[in-house]
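First the structure, in the form of structure tokens, and then the observations on it.
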Amino acid sequence: MRMSQFFLPVLKDTPAEAQIVSHRLMLRAGMIRQAAAGIYTWLPLGFRVLKKIEQIVREEQDATGAQELLMPTIQPADLWHESGRYDDYGQEMLRITDRHERDMLFGPTNEELITDIFRASVRSYRQLPLNLYHIQWKFRDEVRPRFGIMRGREFLMKDNYSFDLDKDAARHSYNKMFVAYLRTFDRLGVKAIPMVADTGPIGGDMSHEFIILADTGESEVYCHADYLDFTTPDAATDYESDLTPIIEHWTSRYAATDEKHDVARFEAEVPSDRRIATRGIEVGHIFYLGSKYSEPMGARVTGADGTEVPVEMGCYGIGVSRLVGAIIEASHDDDGIIWPASVAPFHVGLINLKVGDADCDGTVDDIYQTLCGAGVEVLLDDSDGRAGGKFATMDLIGLPWQMIVGPRGLKTGVVEIKERRTGARQELSIEAAVAAVIASAKA
Ligand code: 5CA
């Protein structure tokens with residue numbers, strides 16, 4: 001992509017309304033634009049990151065055997081009367097009346113709709129286990145939308161729903177998602193710690209929140225420092241095998257959110273130099289629901305012995321749009337964002353220091369073609385600006401690599417590459433620089 005053609009409305013000044021660094025950087029880097037409180041447009045740079053995150057989330061869901069579908073954003077109120085949540089949900093629910101005076105709502109979550117889909121076609125234990133998910137916009141009319149997309153009113157969520165015949169099978173489905181979440185967050189380049197959590201308006205009697213530690217997080221959290229060094233289950237994990245040992249390991253130390261915090265246990269179980277008491281960002285939340293929805297909504301299945309029972313359910317959410325902000329909170333410096341390679345909007349920023357100079361233009365064009373041909377995503381700064389401004393913009397938008405081509409270097413056949421994360425710079429021949437960037441993109 002050539003910057004001259006790319007819609008990248010970066011801001012020079014720090015927007016006054018943004019209280020936390022990720023919100024400031026997203027506005028400054030031209031990733032989002034507010035449409036109304038808690039409602040945002042995703043501009044091209046931000047949208048590329050959102051799509052990358054979504055794709056990693058999808059791949060790790062699919063690896064468990066879960067199937068993707070797409071439910072609508074607008075739901076009929078009738079289903080929510082059946083579960084009893086229409087009245088319980090309160091003012092967070094955006095209620096809509098259509099032209100026929102029918103009560104509708106913009107979905108804040110999808111337990112009712114998925115249970116309705118399930119009960120319409122599944123009757124027998126032979127059709128279980130079943131695991132369905134979608135990645136869809138939600139609306140919650142939050143009292144205090146804040147921190148940009150971090151606590152939005154409209155936000156993108158991956159929500160998965162599991163259906164099993166009995167508690168043991170439901171526990172296995174829960175464990176699968178637990179492992180998939182560890183893998184997902186690891187691939188996104190962040191450390192998310194599973195913590196015992198409160199179930200809130202979703203319900204059920206067991207849940208874990210996946211929390212990224214950050215001072216700017218909204219939740220108060222307490223955990224053992226050992227979690228920071230735990231190893232993530234690898235890609236070869238067999239989801240049909242017994243996952244209990246992995247879950248036992250990952251729940252072997254104290255980790256709880258504020259609502260579930262037990263000071264006495266924390267002090268007894270965690271040595272004082274290993275205690276982490278800080279704030280965190282909730283990027284995922286998994287729930288064992290039991291029959292909370294299947295019972296009132298009549299989602300029943302017949303077991304092998306012919307008896308009919310309400311299906312055992314679980315639900316599993318990931319805040320896809322929140323993750324964009326959470327990753328920035330975890331990975332930035334004074335100059336801007338530092339994207340983990342897996343979610344970076346482009347892999348390399350190619351800077352032409354002297355647009356109009358035949359040698360620079362020709363070399364930059366050749367490098368651009370070679371990198372694109374090798375499947376590397378390149379943002380080519382072909383603008384006519386000053387070098388300082390170009391460097392500042394590249395640092396701000398945080399691509400993992402920069403390749404800088406200027407007339408002075410070209411006299412001796414060299415260009416410079418810079419790794420954004422470390423700031424390390426190297427002068428290399430054009431071929432070596434191109435090879436290094438291609439190798440880093442394949443790593
Ligand atoms: N139905 C369940 C999961 S399938 C559910 O709705 N769970 S939740 O309420 O915990 O939300 C799931 C995830 O969505 C949260 O962990 C969080 O990462 C994200 N999320 C929740 N509210 C917001 C919000 N207002 N803005 C951005 N992300 C949010």
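The values are calculated or read from the model by the stated rules, or taken from the named source; none is laboratory data. The shown structure was predicted, so the numbers you read here are calculated from the model rather than taken from an experiment. All Cβ positions, even for glycine, are placed from backbone atoms using ideal geometry, and neighbour counts span all protein chains on display. Please note that ligands, DNA and RNA were not included when accessible areas were found on the heavy atoms of the full protein model with its side chains. Shrake-Rupley method; radii C 1.70, N 1.55, O 1.52, S 1.80 Å.
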Test: residue in the stretch 429-438 that is modelled with pLDDT under 95 and either open to solvent by 10 Å² or more (accessible area, probe 1.4 Å) or not in a loop (DSSP other than H, G, I, E, B) (or both):
no
Residue selected from the stretch 156-171 under the condition surrounded by fewer than 20 Cβ atoms within 10 Å (Cβ to Cβ) and not hydrophobic (A, V, I, L, M, F, W, C), by the criterion nearest to the ligand (Cβ to nearest atom)
Arg171
Considering residues that are within 15 Å of the ligand (Cβ to nearest atom) and touching a strand residue (DSSP E or B) at 6+ places or on another chain (Cβ under 8 Å), the number found within the stretch 36-50 is 6
Output yes when any residue across the stretch 185-204 is free of Cβ contacts under 8 Å to residues at least 12 places away in the same chain, within 10 Å of the ligand (Cβ to nearest atom) and closer than 30 Å to Asp226 by Cβ, and no when none is.
yes
Subset of the stretch 310-333 [open to solvent by 10 Å² or more (accessible area, probe 1.4 Å) and more than 7 Å from the ligand (Cβ to nearest atom)]:
Pro310, Glu312, Glu329, Ala330, Ser331, His332, Asp333
What's the total number of residues in the stretch 85-123 that are assigned to a loop (DSSP other than H, G, I, E, B) and either more than 16 Å from the ligand (Cβ to nearest atom) or at pLDDT below 95 (or both)?
8
Of all residues in the stretch 251-286 being open to solvent by 80 Å² or more (accessible area, probe 1.4 Å) and part of a strand (DSSP E or B), which is nearest to the ligand (Cβ to nearest atom)?
Arg279
Within the stretch 376-407, the count of residues that are open to solvent by 40 Å² or more (accessible area, probe 1.4 Å), of a type in the set (A, V, I, L, M, F, W, C) and not in a helix (DSSP H, G or I) comes to 1
Test result for Glu112, open to solvent by less than 10 Å² (accessible area, probe 1.4 Å), of a type in the set (D, E, K, R) and touching a residue at least 24 places away in the same chain (Cβ under 8 Å)
yes
Considering (1) at pLDDT 95 or above; (2) on the phi < 0 side of the Ramachandran plot, say which one Val143 fails and leave the rest.
(1)
Only one of Pro245, Pro310 is touching a helix residue (DSSP H, G or I) at 6+ places or on another chain (Cβ under 7 Å), in the same structural domain as Met31 (by TED's automatic domain parsing) and at pLDDT 95 or above; which?
Pro310
For the condition in contact (Cβ under 8 Å) with a residue 60 or more places away in the chain, under 16 Å from Thr251 (Cβ atoms) and within 14 Å of the ligand (Cβ to nearest atom), what is the one hit in His208, His134?
His208
Within the stretch 137-155, of all residues that are more than 7 Å from the ligand (Cβ to nearest atom), of a type in the set (Lys, Arg) and assigned to a strand (DSSP E or B), the one least open to solvent (accessible area, probe 1.4 Å) is Lys138
Open to solvent by 30 Å² or more (accessible area, probe 1.4 Å) and hydroxyl-bearing (Ser, Thr, Tyr): does that describe Tyr133?
no
